[in-house]
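Undergrad: Have a look at this one before I ask anything.
The values are calculated or read from the model by the stated rules, or taken from the named source; none is laboratory data. None of these values were measured; they are calculated from a predicted model. A quick note on method: Cβ atoms are made from the backbone with ideal geometry, for glycine too, and the neighbour counts reach across all protein chains shown. Calculation scope for accessible area: heavy atoms of the full protein, side chains included, ligands and nucleic acids excluded. Shrake-Rupley method; radii C 1.70, N 1.55, O 1.52, S 1.80 Å.
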Amino acid sequence: PNSPGSTASMNWAGSCVVADNNFTLDMGNGPSNQPGLFIYGANQASIPFGNGILCISAPIIRLNPPVFMDSAGTASKVVDLANPPSQTGLITAGSQWNFAMWLRDPAAGGAGYTFTDGLSVDFQ
């Protein structure tokens, strides 16, 4: 759990059809007004890291720039499927990708950062 007392969670909105290019990542239950960075990768993991568990293994693609959670601890990021941050992160129809958010949580102590739960999406 993070400093608000729950696990930050991931979800998606829009379409997982690559040709639609209408895919948005959403997260909730995070610490209010803190920055976070959405990340993704092709492989799953379970690695203790910071105050949480990193559920994506290398290579990890960062969806820059970081975003700030609002006062309710939510944030979202539109993902431009036609223009990935790197060719390693090219999302194509028939592929599965795993998403999470790496978020600052200084009120929790320890490392001062944690992760959301993981989200696996099958793209069409």
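Undergrad: Of the accessible area of segment 1-118, with the probe set at 1.4 angstrom, what percent is carbon plus sulfur?
TA: It is 52 percent, rounded to a whole number.
Undergrad: Another one. Roll a 1.4 Å probe over the protein chains and send me the accessible area per residue for segment 1-97 in Å².
TA: 51
Undergrad: Ignoring ligands, DNA and RNA, how do ASP105, ASP80 rank by accessible area with a 1.4 Å probe, largest first?
TA: ASP80, ASP105
Undergrad: Taking 7 Å along the Cα-to-C-beta vector as the label spot, tell me the ASP117-GLN87 distance in nanometres, rounded to one decimal.
TA: Result: 3.7 nm between the two label points.
Undergrad: While we're on this one: For ALA107 paired with ASP80, estimate the spin-label separation in nm (one decimal), with each label point 7 Å from Cα along the Cα-to-Cβ line.
TA: 3.4
Undergrad: Amide H neighbours of ILE53 under 5 Å, counting only residues 5+ apart in sequence or on other chains, H built in-plane at 1.01 Å?
TA: Amide H neighbours of ILE53, under 5 Å, 5+ apart: PHE115.
Undergrad: What does the charge count around ALA8 come to, taking other residues whose C-beta lies under 12 Å from its C-beta (Lys +1, Arg +1, Asp -1, Glu -1)?
TA: -2
Undergrad: Can you give the Rg to Rh ratio of the chain, both from alpha-carbon atoms, with Rh computed by the Kirkwood formula?
TA: When Rh is taken as the Kirkwood radius, the ratio is 0.96.
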